[in-house]
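The values are calculated or read from the model by the stated rules, or taken from the named source; none is laboratory data. Remember, predicted model here, so these are calculated numbers, not experimental data. Please note: Cβ atoms are built from the backbone with ideal geometry, for glycine as well, and neighbour counts cover all protein chains shown. Protein only, heavy atoms only, side chains kept; ligands, DNA and RNA dropped before computing areas. Shrake-Rupley method; radii C 1.70, N 1.55, O 1.52, S 1.80 Å.
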Amino acid sequence: MKLFATATLFTLAAARAFAATADEWRSRSIYQIITDRFALPQGSKVDPSACNPLDQTWCGGTWSSIRENLDYIQDMGFTAIWISPVHHNIEEHTAYGDAYHGYWIDDISKLNPRFGTPDDLKALVKELHRRDMYIMVDIVVNNVVATTTKPDFSKFFFKDAADYHPYCPVEYGNPESEQQCWMGDEKVALVDVNTESDKVVQAYSTWITDFVKEYDIDGLRIDAAKHVRKDFWPGFCGAAGVFCIGEVFGDSIDTAASYQGPLDSVLNFPMYSALREAFAVPGDLNMTGLVSVFDQSKKAFSDLGLLGNFLENHDLPRWSNFSSDPQSKWNAMTFNFMSDGIPIVYYGQEQDFVGIHDPVNREPLWPSGYNKTGTVEVAAKLNQIRNHLIDKSDWLTQKAEIISYSKESLFLAKGYVITVLTNVGSPPANVSASMLNTGFQPYQQMIDIFTCKPIIVGSHGSLYIDYFKGGKPTVLVPEPYIRGTKICSSSDGTANALESKGRANGATRRFGTPRFFSSFVPETLLGLGALFAFLVWDGGKMMLL
């Protein structure tokens, strides 16, 4: 974490040396929660069927009900949660409903009693830490909220008009306007805090230091980070003494990357858009665009391993709303887990919710019955292999590389793991993904962690995946990496080959010059098997794979 705070703030931050650092967050996977919508408390008398997102009002979720249902999250393998803002919101019913989501802050010095007591929040944090899980809290610094553009400032934490920028409607796309003017509208105005004021800066620093210390918070998600001047964030996050990840909404890689430094990290909106364009069915299926964003990001960001990878959040349409094919989501999810970055899953994504936008993308989770859907199983398997690789090898610190791609498929390498993704969708397709020179030695045995079936590396380090049964993602791990684990119980052996945190025995990989070939394989060749599926021309020689 980069600290640019004053000596006083540095001392305060150092007092929390036990707090979770950016490097410690790097290894985590995050389950995002809107507190009001995740679970009803035990013994609640609220009608479970009464929560209609279109009503835009409270449904009854609390910090205690999150604590009571942590098994659901941990059973999927997540190692951290991100909860919606915990501080006091306006009580008025507005033209856009009530402040059930927690983002309409009026006083940061108080918690929101709608979600519980201070002891309830502390109990949630304590239980998470008992489970070796982290908590990230959403923080709103840029603004407070009023139902008029001429608010009574005495109701807010900062009580003087000089503590706020004068009213002007924000002009999106104009950075100065975005940082000086008010978001929202005249019905619900987001009153822009004057973060240039020394008084405001000092008050914010003192407040965040005390809040993090009092509730033992591990990380902060910063709402509307790009609407605050960049040089505010180092001192603020230094005072917090914990990992800070910011919302920098938009597709610009350069804009997002400019905030990594002032903040530890940002949510990876450019990659979200690229994944949507590459995998959504129906959609553009633009795999080239995804590769371009990936390559540009490697040059622009200082540390891709800290970026927040996501497919959904509370401001965006559900993936299953614009993409009807479950395999499209599973392939995109697999990219987020097996590439560089911190994977984030928004509650309900695993239940295949379909809300198109705010407020219908903020559905209550309990009507789902917390069922074990196909997406739940995919998330659990991805967390299982990712957590295992992090615990038993240096996989996390290896840089992800796209080593080959076509319009239908993509080969992603990270350490000794190769992930093969496709956008062909669920229906059977006469398409395959194949490449030479994967870097693996010929005849090594790889295990697909989703099917637990072996795939043998062909001559010249070649790999071949067919989609005659549909386009499922494939994550290939050298067999010794998972020998003796529960990842694939059929894997032979009992010894854990990665106990030394080094390279697995028998798993050798050397990068050559990868080349993609033959996206389409005649169906008549199927009977020859994966290793002897087709002929390719290589350097003037005909090779049988």
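DSSP assigns beta bridges within the chain; of those with both partners inside it, close to 60 percent run antiparallel. Shape annotation for segment 387-495: C-alpha extents along the principal axes are 39, 28, 27 Å, from largest to smallest. Sorted largest first by accessible area at a 1.4 angstrom probe radius, with every protein chain in place, the residues F337, F157 fall in the order F157, F337. Between segment 417-460 and segment 245-274, what is the separation of their alpha carbon centroids in Å? Between the Cα centres of segment 417-460 and segment 245-274 lies a distance of 32 Å.
Beyond 42 Å, the tail of the calculated P(r) for the chain holds 23 percent of the Cα pairs. The residues neighbouring T35, those whose beta-carbon lies less than 12 Å from its own, together hold a net charge of +1 under the Lys/Arg +1, Asp/Glu -1 convention. When the P(r) of segment 17-162 is calculated, the portion above 17 Å amounts to 65% of the C-alpha pairs.
Among D466, D132, D264, the order of accessible area from largest down is D132, D466, D264, computed with a 1.4 Å probe on protein heavy atoms. Within the straight-line cut-off of under 24 Å between alpha carbons, the lysines reachable from K453 are K329, K372, K381, K392, K414, K469, K472, K486, sequence neighbours fewer than 8 places apart in one chain being disregarded. Phi-derived couplings, Karplus 6.51 cos²θ - 1.76 cosθ + 1.60 at θ = phi - 60°, listed residue by residue for segment 345-358: 10, 7, 3, x, 4, 5, 9, 6, 5, 10, x, 7, 6, 4 Hz, with x used for Gly and Pro. Can you tally the net charge around H314? Count Lys and Arg as +1, Asp and Glu as -1, for every other residue whose Cβ sits under 12 Å from the Cβ of H314. Here the charged neighbours net out to -4. Dipole magnitude for segment 339-390: about 160 debye, using +1 per Lys or Arg Cβ and -1 per Asp or Glu Cβ, origin at the Cα centre.
Shown in residue order for segment 127-139 are the 3J(HN,Hα) couplings computed by the Karplus curve 6.51 cos²θ - 1.76 cosθ + 1.60 at θ = phi - 60°: 5, 4, 5, 4, 8, 6, 10, 9, 10, 10, 10, 6, 10 Hz (x for Gly and Pro). Using the alpha-carbon centroid of each, what span in Å lies between segment 117-182 and segment 335-387? Using only Cα atoms to place each centre, the spacing works out to 27 Å. This model, with +1 at the C-beta of Lys and Arg and -1 at the C-beta of Asp and Glu, gives segment 77-175 a dipole about its Cα centre of some 280 debye. Apolar share of the accessible surface for the chain: 53 percent from carbon plus sulfur atoms, 1.4 Å probe.
Straight-distance candidates among the lysines for linking to K230, with alpha-carbon spacing under 23 Å and chain neighbours fewer than 8 residues away dropped: K2, K199, K298, K299. Other residues lying with their Cβ under 15 Å from the Cβ of A278 contribute a combined charge of -3, Lys and Arg counting +1, Asp and Glu -1.
Exposed loop sites here are GluC sites (Glu not before Pro) assigned a DSSP state other than H, G, I, E or B and surrounded by at most 15 other beta carbons within 10 Å; excluding them, the longest clear run of the chain is 197-498. Annotation note: trypsin sites (Lys or Arg not before Pro) in segment 155-244 located in DSSP loop regions with a Cβ neighbour count of at most 12 within 10 Å are K159, K187.
Ordered by 1.4 Å accessible area with all protein chains kept, V46, V248 run largest first as V46, V248.
Ligands, DNA and RNA are left out, and with a 1.4 angstrom probe the accessible area of the chain is 39 Å² per residue.
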